[in-house]
Amino acid sequence: MAAKMKLGPHIRKIRKSGTFEYRRAVPERIRQFITEIEGFETKVGRKELTKSLGTRNQREANALASVIDANVQSAFDAAEIKANPPAANVGPKVPVRTLTPAEIQKALANWRKSLIDERKSEILNGIDSNSPYYEGINSVFDGPYNLKQISDYPSSQIGLYLKIPDFDHLLVSAFAAAKLLMDANSPAIPQVRPLFARAWFLAYSELEQMASTPNSIWHSDDGEEVALTGPVLKVAAAETISPVKDTPKPGTTTPIDKFLSDWKKERVASGEMKQRQADMYGRQIKNFATSCGGLSLETVSKRSVRDWATNMLTRTNSPLKITTVRSRIAGLRNYWKYLQGRELVEDRAIFDKLDLPNTNRATRSEERQAWNSEDIPMLWKKAKEKQDTVLADIIRLAAFTGGRIESLTNIKIEHIKIEGGIRSIYIPKDKNYSGERTIPIHPNLELQIDRMIEAVGAESGFLFNLGANNQYAERSPAISKRFGRLKKQMGFGSKLVFHSIRKTAATMFDRAGVSEKVAADILGHKISTMTYGLYAAGSSAPDKLQAMKAALDYKDRSFMDAV
């Protein structure tokens with residue numbers, strides 16, 4: 001009788017689903033030193049690592065877990081070295097010297113100004129930058145973004161500075177240039193890191209602006225300073241210092257939206273938000289501030305947030321859905337974290353566990369639906385009838401690619417490429433990282449693509465000639481509105497939109513028996529299973545084309561064979 005197979009270490013069976021998961025605790029001593037582990041989301045300070053193995057088979061679970069555990073152990077070993085570095089001869093200790101916040105502020109402001117002046121001189125004389133503070137951070141993956149995270153969330157991003165090579169050395173050098181000497185092992189350094197990261201990020205942002213607009217080197221603008229006020233600091237090898245705070249004086253009131261403009265500017269500059277999203281959140285924050293009447297940053301509370309949200313959910317005139325209210329709260333939470341990162345507000349969790357009444361949960365019948373495959377040729381014919389060739393073309397392109405409208409309107413002539421011997425469309429940017437993909441051109445689209453390239457000219461740039469963009473440099477809103485008017489005239493309701501064509505394509509792939517992996521690679525969907533999501537390479541161009549030919553048949557011959 002064969003012996004029963006044993007599960008490997010760190011594997012647990014999930015009772016509800018019967019599948020296995022990998023689970024391993026992270027030792028406390030190394031938590032802040034673990035930055036990246038292959039297959040796991042980057043998150044510093046986590047207590048435990050968990051990942052579904054996506055299988056009920058013990059043998060497969062053991063095999064998958066052994067690969068994961070090898071990566072985890074390597075990360076643990078590297079973190080142990082960082083947590084316990086070999087002793088080094090750091091030289092004599094710097095004598096204790098009492099520094100004021102004003103001196104720290106002045107040192108960082110002077111350093112930032114000298115860095116910018118140096119780069120202006122380089123631009124003026126045609127010299128390439130080799131500064132570690134500019135060219136160096138550009139060469140680090142997510143370097144500027146990490147600087148901003150250290151600055152915005154100093155308590156939750158402990159250890160993130162390790163992703164930036166020689167961060168502490170560069171910090172000490174910056175202060176040394178301002179004649180403020182620190183011991184390399186001084187316990188003051190962790191306190192100063194967020195302040196230095198902020199000064200560095202602001203300097204980098206200004207340098208980037210200069211790179212894109214060289215004439216700005218003639219403008220004299222010291223820009224924003226690193227604002228610090230607070231108690232006297234003792235910066236020395238044997239001294240610890242308290243965090244520097246910029247909190248209002250007792251009895252003062254700060255308007256809730258006072259820092260809104262700075263928040264929007266930094267979120268957009270860092271790439272965390274697009275301008276449209278920042279503006280939308282900004283309007284919601286202003287609405288909240290107005291609704292709260294006399295409340296300020298010092299007096300706003302969880303109760304005021306809950307009352308504001310509950311009113312939107314339960315009002316008799318046009319109540320909002322719970323998902324919409326949560327989206328509005330998300331903008332407020334992001335703004336609040338920004339304020340906490342700069343210690344402009346107390347560390348109060350006023351947006352957590354609000355326990356909102358879910359009085360109007362959306363039902364499945366209220367969700368957006370997929371078009372019937374017979375409806376899409378009808379939409380195309382109606383657009384042709386109205387002589388809206390651009391709208392007709394984008395409807396048909398969506399039908400044979402399943403693409404999002406913003407992605408399709410941004411296709412350039414140069415994105416038409418050959419992959420695996422097959423003519424394809426490269427989508428460089430989409431809703432998430434999995435949206436970057438190459439889609440084979442369906443045989444029934446070939447003549448349309450040729451006609452469109454000939455109409456706009458091979459050197460024109462974009463495949464669709466849509467005229468001026470909107471204020472957010474988006475190309476799709478105008479054509480999206482035309483589609484909305486068209487389908488409304490045809491009697492279709494609000495649950496059917498342009499994005500519903502994408503749902504139709506996904507449904508057709510499913511009904512044709514196309515594998516989830518191949519369909520996801522065509523549509524740009526994220527695969528979350530262990531086998532496909534973590535280890536599988538993308539589907540081949542022939543496999544994708546075969547799936548598209550098998551699934552995307554709309555039956556209407558005039559639609560299928562159009563030029």
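The values are calculated or read from the model by the stated rules, or taken from the named source; none is laboratory data. All values reported here derive from a predicted model rather than from experimental measurement. With ideal geometry, Cβ positions are generated from the backbone for all residues, glycine too; neighbour counts draw on all protein chains shown.
For the reader, a short list of remarks on this structure follows.
- Taking each residue of the range 311-333 that is closer than 15 Å to ASN287 by Cβ and looking for partners that are surrounded by fewer than 14 Cβ atoms within 10 Å (Cβ to Cβ) with beta-carbon atoms closer than 7 Å, six or more apart or interchain, yields LEU313/PRO357; LEU313/THR359.
- Filter result for LEU339 (within 18 Å of LEU356 (Cα to Cα) and surrounded by 15 or more Cβ atoms within 10 Å (Cβ to Cβ)): no
- Scanning the range 267-291 for residues that are assigned to a helix (DSSP H, G or I) and under 16 Å from ALA330 (Cβ atoms) yields a count of 14.
- Among the residues making up the range 35-70, those that are within 25 Å of the chain's Cα centre (by Cα), over 15 Å from THR19 (Cβ atoms) and outside any loop (DSSP other than H, G, I, E, B) are GLU48, LEU49.
- Annotation note: Cβ proximity below 9 Å between a residue of the range 103-114 that is in contact (Cβ under 8 Å) with a residue 60 or more places away in the chain and a residue that is surrounded by fewer than 16 Cβ atoms within 10 Å (Cβ to Cβ) and among the small types (Gly, Ala, Ser) (sequence gap 6+ or interchain) occurs for GLN105/ALA227; ALA107/ALA177; ASN110/ALA177; TRP111/ALA177; ARG112/GLY223; LYS113/GLY223; SER114/ALA177.
- Among the residues of the range 265-300, those identified as within 22 Å of GLU406 (Cα to Cα) and of a type in the set (Ser, Thr, Tyr) are SER270, TYR281.
- The set of residues in the range 492-519 being buried (at least 18 other Cβ atoms within 10 Å of the Cβ), among the small types (Gly, Ala, Ser) and assigned to a loop (DSSP other than H, G, I, E, B) is empty.
- Inside the range 371-402, residues that are among the hydroxyl-bearing types (Ser, Thr, Tyr) and over 20 Å from ALA547 (Cα atoms) make up a count of 1.
- Here the condition is being at pLDDT 80 or above, touching a Ser or Thr at 6+ places or on another chain (Cβ under 6 Å) and basic (Lys, Arg); of ARG56, ARG15, it holds for ARG56 alone.
- Elements of type helices (runs of 4 or more DSSP H) contained in the range 292-399, each with 1 or more residues being modelled with pLDDT of 90 or more and in contact with an Asp or Glu (Cβ under 6 Å, 6 or more places away or on another chain): 375-385
- Qualifying positions in the range 476-485 - surrounded by fewer than 20 Cβ atoms within 10 Å (Cβ to Cβ), touching a residue at least 40 places away in the same chain (Cβ under 8 Å) and more than 25 Å from the chain's Cα centre (by Cα): ARG482
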